[in-house]
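Notes for the one structure printed next.
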Amino acid sequence: MKFSLALDPAVQTAFNLKQFMGRWFEIAKLPAQFEKGRCIETNFTLKTDNSIRVVSSEILKAELRKIEGTGVVEDIKNPAKLGISYSYVLPYSPYWIMSTDYVNVALVYSCTDILRLFHVDFAWILGRTRSMPEATVQKAMDTFAKNNIDVSRMIPSKQQGCDKTL
């Protein structure tokens with residue numbers, strides 16, 4: 001399935017899917033209705049059929065919540081444009097890796113049209129650790145802004161107290 005995105009931000013060239021796999025923590029985001037908790041992280045694992053196991057978790061009201069989905073490379077010529085779905089009945093949503101160094105930071109963009117009435121943008125700054133230098137966050141926000149993604153609503157994610165026993 002192809003997406004018609006209002007924005008067509010540049011994505012990572014020569015993207016290496018295997019290097020991207022592993023655990024990523026949410027550092028900052030455009031607010032998303034489906035993410036309400038803290039300590040949000042996602043673990044990506046490449047499966048033998050070349051699809052991706054995607055497990056996202058958050059702590060909400062002192063309870064660890066996990067959701068598992070599937071990711072796919074939608075266009076082999078452009079492997080940084082992933083599609084992710086957390087349900088068998090829902091289509092894949094765009095999950096575009098705009099930029100990553102694989103070891104510290106990744107910038108991800110997605111958008112969706114809801115009932116063809118609303119256009120919603122999502123953007124995440126992900127890190128391999130629960131925090132990152134402010135300069136790195138600012139550079140990431142500048143990259144989003146250069147791609148016409150409005151970062152004025154971007155908020156830091158809560159990554160404190162995540163290792164305490166629930």
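The residues on offer are SER99, SER87, and the sole one that is of a type in the set (Ser, Thr, Tyr) and modelled with pLDDT under 95 is SER87.
Condition check for GLU68 on (1) of a type in the set (D, E, K, R); (2) outside any helix (DSSP H, G or I); (3) within 20 Å of PRO31 (Cα to Cα): one failure, at (3). Considering only residues in the range 51-61 that are of a type in the set (Gly, Ala, Ser) and under 17 Å from PHE34 (Cα atoms), the one that is surrounded by the fewest Cβ atoms within 10 Å (Cβ to Cβ) turns out to be SER57. The residues of the range 22-45 that are over 13 Å from MET154 (Cβ atoms), part of a strand (DSSP E or B) and not charged (D, E, K, R), listed by number, are GLY22, TRP24, PHE25, CYS39, ILE40, THR42, ASN43, PHE44, THR45. Among residues of the range 16-50 being polar (S, T, N, Q), more than 15 Å from the chain's Cα centre (by Cα) and at pLDDT below 95, the one that is nearest to CYS111 (Cα to Cα) is ASN50.
For the range 128-151, state whether one or more residues are over 16 Å from GLU35 (Cβ atoms), part of a strand (DSSP E or B) and modelled with pLDDT under 90. Within the range 128-151, not a single residue is over 16 Å from GLU35 (Cβ atoms), part of a strand (DSSP E or B) and modelled with pLDDT under 90. Among the residues making up the range 73-101, those that are in a strand (DSSP E or B) and farther than 29 Å from CYS162 by Cα are VAL73, LYS81. Among the residues of the range 136-150, the ones that are under 16 Å from the mean Cα position of the chain (by Cα) and hydroxyl-bearing (Ser, Thr, Tyr) come to 1 in all.
Just one of the listed residues (VAL11, VAL72, VAL54) is aliphatic (A, V, I, L, M) and farther than 28 Å from LYS158 by Cα, and it is VAL72.
For the range 7-50, name all the residues that are among the hydroxyl-bearing types (Ser, Thr, Tyr) and either within 21 Å of SER131 (Cβ to Cβ) or surrounded by 14 or more Cβ atoms within 10 Å (Cβ to Cβ) (or both). The one that is among the hydroxyl-bearing types (Ser, Thr, Tyr) and either within 21 Å of SER131 (Cβ to Cβ) or surrounded by 14 or more Cβ atoms within 10 Å (Cβ to Cβ) (or both): THR42. Of everything in the range 65-105, what is over 21 Å from ASP121 (Cα atoms), of a type in the set (Val, Ile, Thr) and in contact (Cβ under 8 Å) with a residue 24 or more places away in the chain? Give them in sequence order. Once the filter is applied, which keeps residues that are over 21 Å from ASP121 (Cα atoms), of a type in the set (Val, Ile, Thr) and in contact (Cβ under 8 Å) with a residue 24 or more places away in the chain, the range 65-105 yields only VAL103. Within the range 65-83, the set of residues being touching a Ser or Thr at 6+ places or on another chain (Cβ under 6 Å) and either crowded, with 16+ Cβ neighbours inside 10 Å or of a type in the set (A, V, I, L, M) (or both) comprises ILE67, GLY69, THR70, VAL72. Scanning the range 102-127 for residues that are in a loop (DSSP other than H, G, I, E, B) and at pLDDT 95 or above returns TYR102, VAL103, ASN104.
In the range 84-117, the residue that is nearest to the chain's Cα centre (by Cα) out of those that are surrounded by 16 or more Cβ atoms within 10 Å (Cβ to Cβ) and of a type in the set (A, V, I, L, M) is VAL108. What residue, of LEU60, LEU46, LEU17, is in contact (Cβ under 8 Å) with a residue 40 or more places away in the chain and on the phi < 0 side of the Ramachandran plot? Exactly one residue qualifies, and that residue is LEU17.
The values are calculated or read from the model by the stated rules, or taken from the named source; none is laboratory data. Bear in mind that the values here come from a model prediction, so they are computed numbers and not experimental data. Because the Cβ atoms are built from the backbone with ideal geometry, glycine has one as well, and the counts that use them run over all protein chains shown.
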